[in-house]
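Visitor: One structure is given below, represented as structure tokens, and several questions about it will come after.
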Amino acid sequence: MPIHNADIAAVFEEIADLLEIRGDNPFRIRAYRNAARTVGEFSRDLKTLVDQGPALPKLPGVGADLEGKIREICASGTCGLLERMHREMPAAITELLKIPGLGPKRVRLLHDVLEVDSLEQLRRAARSGKIREVPGFGEKTESQILQALEQHDRGGQRVKLAVAAQYAEALVAHLKSVRGVAVVTVAGSFRRMRETVGDLDILVAARAGSPVMERLRGYDEVKEVLASGETRASVVLRSGLHVDVRLVPRESYGAALHYFTGSKAHNIAIRRLGQGRGLKINEYGVFRAETRIAGETEESVFEAVGLPFIPPELREDRGEIEAARRGELPRLVTLEDLKGDLHLHTTASDGHNSVKEMALAAKAVGLTYVAITEHSRRLTVARGLDPGRVLKQIDEIDRLNGELAGITILKGIEVDILPDGSLDLPDSVLKRLDIVVGAVHSAFNLPRGKQTERILRAMESRYFTVLAHPSGRLLGEREACDVDMLKIMRAAKRRGCFLELNAQPDRLDLNDVHCQMARDEGVLVAVNSDAHGTHDFAHLRYGIGQARRGWLGPKDVLNARGLRELKPLLVRTMGR
Ligand code: DGT
Ligand code: CA
Ligand code: CA
């Protein structure tokens, strides 16, 4: 049975949630959460490693007990502890946790205050206006819960892009191994690099008689076959992810790829352009009367309507067709354009590797500089640094810069922006650093005016450089803070500050629309991994996907600049 890292992570995450609802030891809860993150983002397939031999690589934060659980999950698909907790708690608690916006704290509150133990009770409580009266909930949350319930009923759980990638890559490899298969591509929102996907849309080109549909149905991760014909199939994987597969002839591949990449709005706009030229465009090709005039490649489809190739990430009908027509499509930033990473952690706060290990790992993925930005003292759960420990790390970095070649380490901090907008460390410390990344880690629910003021005040600090994960959202978990992003961007521009696009798969914050706004306002965006371990530079790929969706080119990205070009831009600190 294939078990992906995401499956193991999901078990750990659920254990942590249930422990939290039970009011268990916070350290134990945190251990499971950390393990879930480490495992979920680990770049090699753990099940394969478990099957291969006795020793697992050392995973940060995963001791003997958790390693045992990893082995148990790989062998059985589940874990005794979780099964036991399921038996002890109302079964519907797990269902409640699946509602976006309802974390363990809130589920527990609803249980304690309103005795909500099931989705039905939750729905009734929300409809009768009882939820808004529970401390910490309010009217907005109540209506969000109702919305989430509706979405849940429609079966519309969206999956984070990085998680979908694990399932997609395994399935693509499986299909590619089938006799007669020439090409397999994941289209849809996955190819457009949307932060979450509703389902996977996979296109296959194969020789006649290839048993590809049979082999799809027999894939051991398929839980249910919803529909299956000669050229199309729809299946559900054990994880719950839906997959549509299409078998398309070679001569239609480009047209099908264009059609199933979408977005729907983009397709409709392209089809209308075609109609203006007397062409019919569908998933089988581009036709004039009954004659196919294009469709073997995507390029040929665009060419038929007089356009250059439009990158998938832009295909949302948000102005890309007009820009293409005017010859003004941006040259989008790529992973190779990144020269450095301005947000990472080490064992000094809540990271898993030393400064040196992180620097060498960054060099190995082709970066030329990194900024070490530990948490500041207020964030005690992450072992945030006080002034003394910051100064100690500065010395360590000086020493390492003398020792290492091919990579420069900048001294930084991820300083907490306190609720009143002041920073968690004094100027006397901040001025010793090359870069000051400021972040909100508390009081996420301030009203719009106050939240915006808080951030503006933080940027008033003469040493503030980059606003980290500006909206504070966690995909499927926490809504974005209510802030006036345009106002923040204009202030950043005025003050010479920058905004981050945090590439962690559950953040991707700034989002695409705000990236586009930053570009329009002339504010540079730093695409940062927020790495907590040497494998986390892999996040950058998703950050770049989001940056491309936001129309960013290399010139719009702060860390697409080499160190020499970067330094004068960090003038608030470095240029003094
Ligand atoms: P998702 O799955 O919700 O994350 O988003 P998509 O974009 O992958 O949407 P999906 O899976 O429903 O359909 C895949 C693509 O197929 C979509 O991006 C465009 C194309 N498509 C689907 N339905 C229609 C339609 O009614 N008209 C046109 N022109 N294209 C469609
Ligand atoms: Ca899809
Ligand atoms: Ca689909």
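The values are calculated or read from the model by the stated rules, or taken from the named source; none is laboratory data. Since this is a predicted model, take the numbers as computed values, not measurements. As a convention, Cβ positions derive from the backbone with ideal geometry for all residues, glycine included, and neighbour counts pool all protein chains shown. Please note that ligands, DNA and RNA were not included when accessible areas were found on the heavy atoms of the full protein model with its side chains. Shrake-Rupley method; radii C 1.70, N 1.55, O 1.52, S 1.80 Å.
Visitor: Taking only pairs six or more apart or across chains, which ones have beta-carbon atoms under 8 Å, a first residue in segment 507-520 that is farther than 15 Å from E313 by Cα, and a second residue that is open to solvent by 50 Å² or more (accessible area, probe 1.4 Å) and assigned to a helix (DSSP H, G or I)?
Guide: Close Cβ pairs satisfying both conditions: M517/L486.
Visitor: For A173, are the conditions met, namely being within 14 Å of ligand 2 (Cβ to nearest atom) and at pLDDT 95 or above?
Guide: no
Visitor: Please find, within segment 161-182, the residue that is farthest from ligand 1 (Cβ to nearest atom) out of those that are closer than 19 Å to G262 by Cβ and either under 15 Å from the mean Cα position of the chain (by Cα) or of a type in the set (V, I, T) (or both).
Guide: The qualifying residue farthest from ligand 1 (Cβ to nearest atom) is V172.
Visitor: Another one. Identify, please: which residue in segment 350-373 is part of a loop (DSSP other than H, G, I, E, B) and touching a residue at least 12 places away in the same chain (Cβ under 8 Å) and is, among those, surrounded by the most Cβ atoms within 10 Å (Cβ to Cβ)?
Guide: Filtering segment 350-373 for residues that are part of a loop (DSSP other than H, G, I, E, B) and touching a residue at least 12 places away in the same chain (Cβ under 8 Å), the one surrounded by the most Cβ atoms within 10 Å (Cβ to Cβ) comes out as G351.
Visitor: Confirm whether V415 is within 25 Å of the chain's Cα centre (by Cα), over 26 Å from E195 (Cβ atoms) and in a strand (DSSP E or B).
Guide: yes
Visitor: List every residue pair whose Cβ atoms sit under 6 Å apart, with the two residues 6 or more apart in sequence or on different chains, where the first one lies in segment 296-311 and is within 16 Å of Y284 (Cα to Cα) and the second, anywhere, is open to solvent by 60 Å² or more (accessible area, probe 1.4 Å).
Guide: Between residues of segment 296-311 that are within 16 Å of Y284 (Cα to Cα) and residues that are open to solvent by 60 Å² or more (accessible area, probe 1.4 Å), the close pairs are E296/E251; E299/F309; F302/F309.
Visitor: Here's a check for you: in segment 348-372, which residue that is polar (S, T, N, Q) and modelled with pLDDT of 95 or more is farthest from H532 (Cα to Cα)?
Guide: Taking the candidates together, the pick is T368.
Visitor: Determine the pairs where a residue that is assigned by TED's automatic domain parsing to the domain that holds D509 and within 12 Å of ligand 3 (Cβ to nearest atom), located within segment 189-207, has a partner that is outside any loop (DSSP other than H, G, I, E, B) and at pLDDT 95 or above with Cβ atoms under 8 Å apart, the partner being 6 or more residues away or on another chain.
Guide: none
Visitor: Here's another thing I want to ask about it. So which of R238, R232, R288, R271 is closer than 30 Å to D7 by Cα, among the charged types (D, E, K, R) and more than 27 Å from the chain's Cα centre (by Cα)?
Guide: Result: R232 is the single residue among R238, R232, R288, R271 that is closer than 30 Å to D7 by Cα, among the charged types (D, E, K, R) and more than 27 Å from the chain's Cα centre (by Cα).
Visitor: Check whether at least one residue in segment 509-519 is closer than 23 Å to V163 by Cα and surrounded by fewer than 22 Cβ atoms within 10 Å (Cβ to Cβ), and report yes or no.
Guide: yes
Visitor: Return yes when A324 is free of Cβ contacts under 8 Å to residues at least 24 places away in the same chain, part of a helix (DSSP H, G or I) and open to solvent by less than 10 Å² (accessible area, probe 1.4 Å) and no when it is not.
Guide: It is true that A324 is free of Cβ contacts under 8 Å to residues at least 24 places away in the same chain, part of a helix (DSSP H, G or I) and open to solvent by less than 10 Å² (accessible area, probe 1.4 Å).
Visitor: Where residues in segment 10-63 are polar (S, T, N, Q) and over 21 Å from the mean Cα position of the chain (by Cα), which of them is farthest from V365 (Cα to Cα)?
Guide: N25
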